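Chemist: Okay, handing you the structure first.
The values are calculated or read from the model by the stated rules, or taken from the named source; none is laboratory data. It should be emphasised that the depicted structure is a prediction, and the values quoted were computed from it without experimental measurement. Glycine gets a Cβ as well: all are built from the backbone with ideal geometry, and neighbour counts include every protein chain shown. For accessibility, only protein heavy atoms count, side chains too; no ligands or nucleic acids. Shrake-Rupley method; radii C 1.70, N 1.55, O 1.52, S 1.80 Å.
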Amino acid sequence: RKSRPKILAIHDRQLILYLPGIGVKPYQFDHVCKEDALQSEVYAKAARESVITAINGFNAAIFCYGQTGSGKTHTMFGPQGIVKETLEGLDSQHGGGAVVPGSCGIVLRSCIELFRAKERLRRQFDLVTTYSLQYVQLYNEKVTDL
């Protein structure tokens with residue numbers, strides 16, 4: 001039976017793996033979230049800075065990478081049904097002060113933050129803001145515009 005890689009330690013900016021045939025190898029990242037991290041923590045560490053950058057008028061990208069079944073869709077959106085639940089909650093609160101469901105992923109949290117900022121800029125500074133977003137999937141070397 002072939003030995004598989006094993007996670008030895010997870011730190012704030014480092015993942016340490018045991019790789020069969022290679023040994024122990026550390027990998028450095030901007031942030032590392034443990035598998036039990038809350039969606040709000042993942043958003044704060046991995047995406048919020050990019051959203052603030054976009055609000056300030058600059059281009060931003062959020063890239064999610066991993067093998068099939070590793071949790072990319074869950075990280076980006078959340079569990080099944082969360083989009084409907086979130087939209088219903090925002091509609092009932094007129095968007096402004098609604099509480100974001102804890103299971104909302106990066107895409108939903110980003111959109112909520114962008115549109116709340118847009119409304120604040122309109123109210124406080126009479127500033128009209130336009131956002132342009134694109135969501136794409138790269139799978140088997142094929143790009144699909146979602």
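Chemist: Rounded to the nearest 0.05, what FRET efficiency do C111 and E141 give with R0 = 35 Å and r taken as the Cβ-Cβ distance? Could you check?
Modeler: 0.80
Chemist: Something else about it: May I ask you to give the solvent-accessible area per residue for the chain, in square angstrom, as obtained with a 1.4 angstrom probe?
Modeler: Heavy-atom accessible area per residue stands at 77 Å².
Chemist: Which listed residue (Q14, A44, F58) has the Cα farthest towards the positive end of the charge dipole for the chain, taking +1 on Lys and Arg C-beta and -1 on Asp and Glu C-beta about the Cα centre?
Modeler: So the residue we want is Q14.
Chemist: Just to compare against my own numbers: the Cα pair-distance distribution for the range 14-90, 5 Å bins, whole % per bin, please.
Modeler: Bins of 5 Å from zero give 3, 11, 16, 20, 20, 14, 7, 4, 3, 1, 0 percent of pairs.
Chemist: Oh, and also: Please check which bits of the range 28-43 a label hung off R13 would reach, taking the label as a point 7 Å along Cα-to-C-beta and the cut-off as backbone N under 11 Å.
Modeler: So the set is 28-32.
Chemist: So which of K6/K84; K45/K84; K34/K118; K72/K142; K34/K84; K25/K45 end up more than 29 Å apart by C-alpha?
Modeler: In this structure, K6/K84; K34/K118 exceed 29 Å between Cα atoms.
Chemist: In the P(r) worked out for the chain, what percent of Cα pairs fall beyond 21 Å?
Modeler: 56
Chemist: Run the dipole for the range 97-146 about the Cα centre, Lys and Arg Cβ at +1, Asp and Glu Cβ at -1, nothing else charged, and hand back the magnitude in debye, nearest 20.
Modeler: 220
Chemist: Taking K and R as +1 and D and E as -1, what net charge do the other residues with C-beta under 14 Å from the C-beta of R120 add up to?
Modeler: Once positives and negatives cancel, what remains is +1.
Chemist: Now for a separate question. Given only helices, namely DSSP H runs of n ≥ 4 each adding -39500 (n - 2.57), what is the per-residue ellipticity at 222 nm of the chain, to the nearest 500 deg cm²/dmol?
Modeler: When only DSSP H runs of four or more count, the value is -10500 deg cm²/dmol.
Chemist: Output the 0 to 90 degree angle, nearest 10, between the alpha-carbon long axis of helix 106-125 and the longest principal axis computed from the alpha carbons of the chain.
Modeler: 30
Chemist: Taking only C-alpha pairs under 8 Å that are 6+ residues apart, what is the relative contact order of the chain in percent?
Modeler: 15
Chemist: Pick out, in residue order, every one of the chymotrypsin sites (Phe, Trp or Tyr not before Pro) in the range 1-81 that is DSSP loop and has at most 14 other C-beta atoms within 10 Å; say none if there are none.
Modeler: Passing both the DSSP loop test and the Cβ count: F29, F58, F63, Y65.
Chemist: Can I ask one more? Please give the FRET efficiency for K2 paired with Y27, using the beta carbon to beta carbon distance and R0 = 22 Å, rounded to the nearest 0.05.
Modeler: 0.55
Chemist: If you roll a 1.4 Å probe over the chain with all protein chains in place, what percent of the accessible area is carbon or sulfur?
Modeler: 53
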